[in-house]
1. For the range 265-288, indicate whether the set of residues that are under 20 Å from residue 455 (Cβ atoms) and within 12 Å of ligand 2 (Cβ to nearest atom) is non-empty.
2. Could you check the range 203-241 and list, in sequence order, the residues that are near ligand 1 (Cβ under 9 Å from one of its atoms) and touching a strand residue (DSSP E or B) at 6+ places or on another chain (Cβ under 8 Å)?
3. Among the listed residues 185, 248, identify the single one that is within 16 Å of ligand 2 (Cβ to nearest atom) and at pLDDT 95 or above.
4. List pairs: first in the range 213-235 and free of Cβ contacts under 8 Å to residues at least 40 places away in the same chain, second assigned to a loop (DSSP other than H, G, I, E, B) and within 16 Å of ligand 2 (Cβ to nearest atom), Cβ under 8 Å, 6+ apart or cross-chain?
5. Run residue 433 past the list (1) in contact (Cβ under 8 Å) with a residue 12 or more places away in the chain; (2) not in a loop (DSSP other than H, G, I, E, B) and report the number of the one that doesn't hold.
6. Does residue 486 qualify as being surrounded by 15 or more Cβ atoms within 10 Å (Cβ to Cβ), assigned to a loop (DSSP other than H, G, I, E, B) and in contact (Cβ under 8 Å) with a residue 12 or more places away in the chain?
7. Pairs needed: first member in the range 244-261, over 24 Å from residue 294 (Cβ atoms); second member anywhere, within 13 Å of ligand 2 (Cβ to nearest atom) and assigned to a loop (DSSP other than H, G, I, E, B); C-beta distance under 9 Å; at least 6 residues apart or different chains.
8. Of all residues being surrounded by fewer than 17 Cβ atoms within 10 Å (Cβ to Cβ) and outside any strand (DSSP E or B) in the range 255-280, which is nearest to ligand 1 (Cβ to nearest atom)? Just the residue, please.
Ligand code: FAD
Ligand code: SIN
């Protein structure tokens, strides 16, 4: 058994920021940070556009950032949470700059603030088109310099430990569910270890791999949300899946799909049909810079109307030097597949990008399970509502990582020791899997069915089909789980089936179209009174 004061599950922006904040203030605390693969691999690492924060108070204001966030969120944001994130955000950005993160500056030596869809002002701090890479580098380097943080690489968290593991029956209405740490598969040794902690912080990121075409790396399988659901914690807003309008179309089907940042449209890129006709003005007066839900739906619709495999992003009119300086990675990637963005339009298609739903948390990042906090993409804080405003997620992760550290530091000395009698993982009666193909094939089926039936446009019939097929996959996988020695692949399949189920069920329950959820059976938005009845 391994015991720490705080167990952080996840080493992206949310997990590492929280660990650093705790460790810096309390060098006597032992903080373990788990990552299921390499310490630098995370969704964070792939973030391109940047971090949204009110920076230039001559042109921008908290009120404007709040209004843009609420507008994108389409009526479902929690106003208090939006205010917290927007107002505390700039301070958190200053801190990460102090830790060593570089953001681009302009000729006047001021931060070069970019623009993205749904923002009424330029407020995106960025490092070329590699903002996430720079943030991940900074945080990992800081963690290495901090003695009381231990990063456990290739440790795969399987399940949270609660009273359930002490033999108590726990249901969704059981009051006072507590978390005492997690069971994790040490991928180096093949052993399942019991990691006990006074406080656990979930920072396991998103689950974009639930769809066939996604910008999320292969690690994004929604493990944390699925663990909370199994621990009977509350999960919310899973129907709001954000599809990024402009992933690079590649007939070879890259996993993950390469993102063409929204910042490219902020820089002047224009969406067009393959024949060169502009189409966005038909859908929104903000054209190519309308919020993501609108642009992704418009592209999806145009692809269907025109029978096209993709739409295009035209950058051929833009300044070459400026484009390459801002987007060196995008430029190189396009060139590597024979597209010169200065001469050819870039083929783009929507791809699953971000889950707005997740573990329900309060203003201090507390989940509904005692001693369990959550930050980052695995949460539903109330910031995004029905649709996340671009570049608000890195900001949200930092703000809640900070708030969680405050709450933990206030309480941790009052918790004397971790519960006694927690059993080691029991793997008796299981066997090594005979054929891995059973897992890979189920994963493929799951991604296909989610993409066909629970994508950008939904309907009752499609959701029912998805639900029926999911049930079969669920039954088969649970059987495999009971009989087989655990592997990361099997755990990921099990988790992603849970995520798919939660998305499909939440989508079936929302009898309206709002934000990222659009269904042909209920194309209108309900008014507030009807929503309360639901
Ligand atoms: P992650 O960064 O994904 O970290 C998750 C961590 O949890 C990893 O260390 C992983 O190993 C670990 N983990 C997961 N499961 C387990 C398990 N079972 N056991 C142990 N460890 C586990 N947002 C913005 O605000 N601005 C942007 O410009 C932007 N661009 C983006 C571009 C791309 C291509 C993508 C994919 C996302 C982008 N986003 C952007 C979204 C943003 O990057 C993510 O929402 C954010 O980085 C999530 O951070 P996180 O710390 O919650 O999770
Ligand atoms: C992008 O660069 O377009 C992604 C920004 C985000 O997802 O917030």
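The values are calculated or read from the model by the stated rules, or taken from the named source; none is laboratory data. Treat the numbers as computed from the prediction; the structure is a model and nothing was measured. As a convention, Cβ positions derive from the backbone with ideal geometry for all residues, glycine included, and neighbour counts pool all protein chains shown.
1. no
2. 203, 204, 206, 208, 214, 215, 216, 220, 222, 223, 224, 227
3. Details: 185 fails: within 16 Å of ligand 2 (Cβ to nearest atom).
On inspection, the qualifying residue turns out to be 248.
4. Final answer for the pair search is 218/256.
5. That leaves (2) as the condition not met.
6. Working: surrounded by 15 or more Cβ atoms within 10 Å (Cβ to Cβ): yes; assigned to a loop (DSSP other than H, G, I, E, B): yes; in contact (Cβ under 8 Å) with a residue 12 or more places away in the chain: yes.
Yes; evaluated as a whole, the condition is true for this residue.
7. Sorted first by the residue in the range 244-261, then by its partner, the pairs are 250/257; 250/258.
8. Of the residues in the range 255-280, the ones surrounded by fewer than 17 Cβ atoms within 10 Å (Cβ to Cβ) are 255, 268, 274-278.
With the extra rule that they be outside any strand (DSSP E or B), the set shrinks to 255, 268, 274-277.
Details: 255: 12, 268: 18, 274: 24, 275: 29, 276: 27, 277: 28 Å.
Once the filter is applied, the top-ranked residue is 255.
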